[in-house]
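First the structure, in the form of structure tokens, and then the observations on it.
The values are calculated or read from the model by the stated rules, or taken from the named source; none is laboratory data. Just so it is clear, the model here is predicted, and its values are computed rather than measured. Please note: Cβ atoms are built from the backbone with ideal geometry, for glycine as well, and neighbour counts cover all protein chains shown.
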Amino acid sequence: MFRVFIDGQEGTTGLEIQERLSARRDLEIVEIDPARRKEPEARRDCIDSADVTVLCLPDAASKEAVALVTRPESRFIDASTAHRTADGWVYGLPELARSQRDAIQNARLVTNPGCHATCFALLVRPLVDAGVISPDYPVVAYSLTGYSGGGKKLIQTYREGDPDKLSASRPYALGLKHKHIPEMQKVSRLSHPPFFVPVLGPYYRGMLVSVPLEVRTLAKAIGPEQIRELYSARYEGEPFVRVLPTFDEASLEDGSCLSPLGCNGTNRAELFVYGHAEQVFVAARLDNLGKGASGAAVQNLNLMMGVDEKTGLVA
């Protein structure tokens, strides 16, 4: 029986992972005494008794947890930001490259991607690899996201705060130093950090990340149809990535609006391409608590267990 310990199971991500694993019969969840969940000795015992520990903790606590281990064969999936660009950690996005799935399956240390970064990498990395975007291209990205990604404090603010104040979308991280930017740059093979603005929406879960492209500034002259074909070839056979038809009107609400909510409750990411010969708009949509967090952790866990990566997940 494969044993899994969720360190930080009381947080939003931990609870979602627990929900996805609770009905599984191919693994056992290692339980910690709730009264001792912050005690290093109790956590060490759980980590040492597990085959894989999933860290759903703040960055400093995640680093502390890895330092607690006494068994060199102990394996980790870290859902925090702490190790996403660290040497020795495998980036947990199986769809990133052809070799990434094998790297995750054989890794001892896997870092779960950020939700914004997952969308961004799915959109940008194929364009860099194909030479459409040069590594020094000034990439701009916007992300509309549900407030659940901000954790318990922000969730409470939205549920108990002034509805008039919280009814509109609100850009944040306006110092342009959002914590996902380093991984966005690294895994997409960019020479410079992208210009990234996240926008907090007045809804619980769901995410839509968009990247505008000026065709005249690209390394290769390419239009919407060719970009869509590039994505389709790159993600052919991927169980959790869907590339929608170019100019897909069926995905638009009221015939004109692309909603961030369309992948909620799934581990699916959807890619869209709109535009014309001079300008192209590419976008990725996912559930920020699914493929953007907990679902991604379970997908990585499945690979590390050596079982079908779709086990326990909704595509």
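Within segment 176-193, is there a residue that is free of Cβ contacts under 8 Å to residues at least 60 places away in the same chain, closer than 21 Å to residue 272 by Cβ and not β-branched (Val, Ile, Thr)?
no
Regarding residue 246, is this residue surrounded by fewer than 16 Cβ atoms within 10 Å (Cβ to Cβ) and polar (S, T, N, Q)?
no
Could you identify the single residue in 269, 296 that is surrounded by 24 or more Cβ atoms within 10 Å (Cβ to Cβ), of a type in the set (A, V, I, L, M), farther than 16 Å from residue 23 by Cα and in the same structural domain as residue 198 (by TED's automatic domain parsing)?
Details: 296 fails: in the same structural domain as residue 198 (by TED's automatic domain parsing).
After applying the criteria, what remains is 269.
Do any residues in segment 251-265 that are in contact (Cβ under 8 Å) with a residue 60 or more places away in the chain have Cβ atoms under 8 Å from those of residues that are of a type in the set (A, V, I, L, M, F, W, C) and not in a loop (DSSP other than H, G, I, E, B), where the two are at least six apart or on different chains, and which pairs are they?
Here the result reads 260/144; 260/207; 260/208, each pair linking segment 251-265 to a residue that is of a type in the set (A, V, I, L, M, F, W, C) and not in a loop (DSSP other than H, G, I, E, B).
Only one of (1) loosely packed, with under 12 Cβ neighbours inside 10 Å; (2) in contact with a Phe, Trp or Tyr (Cβ under 7 Å, 6 or more places away or on another chain) is not met by residue 38, so which one is it?
Among (1) loosely packed, with under 12 Cβ neighbours inside 10 Å; (2) in contact with a Phe, Trp or Tyr (Cβ under 7 Å, 6 or more places away or on another chain), residue 38 violates only (2).
Every residue in segment 1-27 that is in a loop (DSSP other than H, G, I, E, B) and out of contact with any strand residue (DSSP E or B) (no Cβ under 8 Å at 6 or more places or on another chain), please.
Within segment 1-27, 9, 10, 11, 23, 24, 25 meet the criteria.
Among residues belonging to segment 234-268 that are at pLDDT below 95 and of a type in the set (S, T, N, Q), point out the one that is farthest from residue 315 (Cα to Cα).
Ranking the qualifying residues of segment 234-268, first place goes to 256.
Of all residues in segment 43-78 being among the β-branched types (Val, Ile, Thr) and surrounded by fewer than 21 Cβ atoms within 10 Å (Cβ to Cβ), which is nearest to residue 303 (Cα to Cα)?
Across segment 43-78, the extreme among qualifying residues is 66.
Residue by residue through segment 215-236, note down the ones that are over 13 Å from residue 123 (Cβ atoms), of a type in the set (Ser, Thr, Tyr) and not in a helix (DSSP H, G or I).
Listed by number, the list is empty, since nothing qualifies.
Are there any helices (runs of 4 or more DSSP H) wholly within segment 132-203 with 2 or more residues that are over 20 Å from the mean Cα position of the chain (by Cα), and if so which?
Helices (runs of 4 or more DSSP H) meeting the threshold: 151-160, 163-166.
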